[in-house]
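Read through the structure below, which is laid out as structure tokens, and then see the notes.
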Amino acid sequence: MKIVILGASRGCGLALLKRLVFDDAAASQHTIHLLLRNPSSFSQHLCTLGMSLPSSVHLHQADALSISSLSCAFQSIRKHGGKVDLIVSSLGAVPVFEWKSGLKPRLQAGLERICADGTKNLLDVMRDSTAPTPALIVVSSNGIGQESLERLPWILKFFYHHLLTHPHADKHEMEELLHRAYGLHSDDFNPSAKSSSERSAAPFDPSKLLIVRPSLLTSGARTGKYRISEAGSTLDSAWTISREDVGHFIAESINESAGEAGSNALNRSGAYVVSY
């Protein structure tokens, strides 16, 4: 399977990369292309971690906030290796805490809309391409929509409201874009997509989209033991999950899909909450 990953330099994206490349017996099945704003900085970071990438992993300079940059990267990948089967987007920015921001830290300057604008650019590149549409896996978050927010433990409601306001606003808009593009109905993100005609008018096939909604992310080790919600639903008592286990869940979803008929098919589609 040929996989393109955005946001692999840190967090869940890096955890996925490590799982696919270093821990997985099925790693030889995949050719992986990483789209990075600064490939040389990423390579140096891997060296500090004592990691070196095999020849099946390729680095490309690309900025998700530039549609021309994304388009050029995908054209290069397809020119030298044919069609892309799967795209994984783990875009995000680190909150910056300042006294003047109070309890609502801002996002890094220039990255305030990285999820929404980066996803819009990605969807535009996919829509404009004449190649077969790849499957798409996107890392979002639990607690964004009203339904999942209401079922959060009360202390997390306070935490999310005061500390994650800006990141969650960005991800909320990202989810709206995804739900409209794939014709998915949601009272929180796309309430109008109820009729079959409205869903069929969407430009992308909903069976080729997986939205991963982790609970509060931690830096803990991978356990491989976590709960998964039903598609489109949520989980009670969804407190935390490590980034390593989110990477594990995505890798398992990819490898389960690798044997499906059609290399760009997904064994699991829709939106899923993952949590301990």
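Annotations
- Shown for Ile114, Ile67, Ile3: other C-beta atoms within 10 Å of each C-beta, ranked fewest to most, produce the order Ile67, Ile114, Ile3.
- By other beta-carbon atoms within 10 Å, ranking Thr165, Thr31 with the fewest at the front produces Thr165, Thr31.
- Beta bridges by DSSP in the chain, antiparallel share as percent, to the nearest 5: 15
- 222 nm mean residue ellipticity, helices alone, for the chain (DSSP H n ≥ 4; -39,500 (n - 2.57); rounded to 500): -11500 deg cm²/dmol
- Distance from segment 206-276 to segment 74-97 (C-alpha centre basis), Å: 18
- Taking Leu184, Leu53, Leu36 in turn, the Gaussian network model of the chain (Cα-Cα springs below 10 Å) assigns the largest fluctuation to Leu53.
- Of the chymotrypsin sites (Phe, Trp or Tyr not before Pro) in segment 20-100, those whose Cβ has at most 15 other Cβ within 10 Å and which sit in DSSP loop: Phe22, Phe97
- Across the options Leu209, Gly224, Ser41, the greatest Cα extent toward the positive end of the charge dipole of segment 2-275 (unit charges at beta carbon of Lys, Arg, Asp, Glu) belongs to Ser41.
- 17 Å Cα cut-off, lysine pairs counted over the chain (separation 8 or more, or different chains): 10
- Computing Rg and the Kirkwood Rh from the Cα coordinates of the chain gives a ratio, Rg/Rh, of 0.94.
- For Leu91, the residues whose modelled amide H falls within less than 5 Å of its own, excluding neighbours fewer than 5 places apart on the same chain, are Val139.
- Neighbourhood charge, 11 Å Cβ-Cβ cut-off, centred on Ile241 and excluding it, Lys, Arg +1 and Asp, Glu -1: +3
- Charge tally in the Cβ shell below 12 Å around Phe189, where Lys, Arg are +1 and Asp, Glu are -1, Phe189 excluded: -3
- Cα gyration tensor shape of segment 8-99, rounded if a/c is under 1.5, else prolate or oblate by comparing a/b with b/c: oblate
- Counted by neighbouring Cβ atoms within 10 Å, the residues Ile228, Ile254 run from fewest to most as Ile228, Ile254.
- From phi via Karplus (6.51, -1.76, 1.60), per-residue ³J(HN,Hα) for segment 116-121 in Hz, x at Gly/Pro: 5, 6, x, 5, 4, 4
- Of the trypsin sites (Lys or Arg not before Pro) found in segment 199-228, the ones in coil according to DSSP and having at most 15 other Cβ atoms within 10 Å of their Cβ are Lys225.
- Evaluating 6.51 cos²θ - 1.76 cosθ + 1.60 at θ = phi - 60° for every residue in segment 9-17, the Karplus couplings come out as 7, 7, x, 5, x, 5, 4, 4, 4 Hz, glycine and proline recorded as x.
- Long-range HN-HN contacts of Leu59 with modeled amide H, under 5 Å: Leu34
- Residues with amide H under 5 Å from that of Thr218, placed H, sequence gap 5 or more: Ile241, Ser242, Arg243
- Note on the chain: with a GNM built from Cα contacts shorter than 10 Å, the maximum mean-square fluctuation among Val84, Val96, Val57 falls on Val96.
Coordinate-derived values only; no laboratory data. Here the structure is a predicted model, which means the values were calculated and not measured. Heads up, the Cβs are rebuilt from the backbone with ideal geometry, glycines too, and the neighbour counts pull from every protein chain shown.
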